[in-house]
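Coordinate-derived values only; no laboratory data. Remember, it's a predicted structure, so these values are computed and weren't measured experimentally. All Cβ positions, even for glycine, are placed from backbone atoms using ideal geometry, and neighbour counts span all protein chains on display.
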Amino acid sequence: MLKVLFIYLVCLEQISDLSMLKAETHKFESHYLDNLVGDEIDFYERSPINFVEKFSCPLILFQGLDDKVVPPIQARKIYQALKEKGLHVALIEYEGEQHGFRKAENIKFTLEQQMLFFARMVGHFEVAD
């Protein structure tokens with residue numbers, strides 16, 4: 001099995017539970033999962049929520065509250081689990097955003113927050129205007 005190590009993690013419209021996603025995403029998107037992921041065993045083995053104990057890095061999550069492809073519960077579920085584990089985790093939700101942020105101010109804010117997140121994680125450095 002491939003072992004992947006992360007120092008910091010940024011997630012946009014993240015999937016935490018594939019079984020839940022299949023049940024809650026809209027009909028068109030739900031059919032992707034069968035061909036791209038596999039069966040229920042694969043869903044379990046590829047869902048980060050089932051392996052919270054393996055997470056060790058700080059992460060920041062960004063989620064549109066009107067996302068029908070990856071519903072907000074996906075971000076909230078992994079956020080809560082990682083917070084309970086004691087990890088440095090942040091969740092930023094955007095009212096009126098769907099899958100893939102479209103509002104310029106939200107795109108800009110997301111990029112700024114990612115930069116600040118990395119700045120806090122690696123230590124002080126100057127952020128250009």
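Sorted by packing (mean other beta-carbon atoms within 10 Å per residue), highest first, where do 105-114, 10-19 land? Please list the in-between numbers first.
Working: 105-114: 13.6, 10-19: 19.0.
So the order, starting with the most tightly packed, is 10-19, 105-114.
What value does segment 35-101 have for Rg/Rh, both radii from Cα atoms and Rh as Kirkwood defines it?
Ratio value, two decimals: 1.01.
Which peptide among 72-82, 38-48 comes first, and what is the full order, when sorted by highest mean count of other Cβ atoms within 10 Å?
72-82, 38-48
Taking a threshold of 21 Å on the Cα-Cα distance, which of the pairs 27/83; 54/77; 27/103; 22/108; 22/103 fall above it?
Details: 27/83 31 Å; 54/77 16 Å; 27/103 25 Å; 22/108 31 Å; 22/103 27 Å.
The pairs that break the limit, which is 21 Å between Cα atoms, are 27/83; 27/103; 22/108; 22/103.
Among 62, 20, 116, whose Cα lies farthest out toward the positive end of the dipole of the chain, if unit charges sit on the beta carbon of Lys, Arg (+1) and Asp, Glu (-1)?
116
The list (1) 1.32; (2) 1.52; (3) 1.12 gives values of Cα Rg over 2.2 N^0.38 Å, and only one came from this structure; which label was calculated from it?
Evaluating Cα Rg over 2.2 N^0.38 Å on these atoms matches (3).
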